[in-house]
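Below is one structure, written out as structure tokens, with a few remarks after it.
The values are calculated or read from the model by the stated rules, or taken from the named source; none is laboratory data. The shown structure was predicted, so the numbers you read here are calculated from the model rather than taken from an experiment. Cβ atoms come from the backbone with ideal geometry, glycine included; neighbour counts cover every protein chain shown. Please note that ligands, DNA and RNA were not included when accessible areas were found on the heavy atoms of the full protein model with its side chains. Shrake-Rupley method; radii C 1.70, N 1.55, O 1.52, S 1.80 Å.
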Amino acid sequence: MTEKLLSPLRTRPWPERWLTRTLGAALAAGAYEVCAPSSDVPGAGVGGLALSVTLLLLAAYFGRRDDLAWPLLLVAAPPTVLMYMSFESEQPLQWASATLVIAAGTLIAATVGRCSRPHEEDETAGLLCAHARPPIVRSRTR
């Protein structure tokens, strides 16, 4: 069961892949709706913290399972679109700065999730990496 939940999405059948992505976007939008901080409600900081933690966990999960661009679309886009609709163009600078913070946090968490991926064996893995050392070839001249 955990292999199915943590395996790369590119190896899964396309209905499962798109269902997982749709569920992730719905969870991000739902987390915003439930946890969105409101200034008129006491304890708004707790809701903002819960939203941040939820979005970071979702970004790390999708960063581990999918390509790097997908967490931006699945995790960062739904809350920022809902935020834009709730601000109704009254506070464009606040919306833009919040969007940048959400996108940056999503990219950082997705990158951390990507680092926790198991490394796949690939015969061309060291060809394009700058840190990979070429094999040592010793000449037999004496």
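Descriptive notes on the structure:
- Flag set for Ala77, criterion: surrounded by fewer than 22 Cβ atoms within 10 Å (Cβ to Cβ), touching a helix residue (DSSP H, G or I) at 6+ places or on another chain (Cβ under 9 Å) and in a helix (DSSP H, G or I).
- Per-region count, segment 89-136, residues at pLDDT below 65 and open to solvent by 100 Å² or more (accessible area, probe 1.4 Å): 11
- Screening Ala44 with (1) under 22 Å from Arg117 (Cβ atoms); (2) modelled with pLDDT under 90 gives one miss only, at (1).
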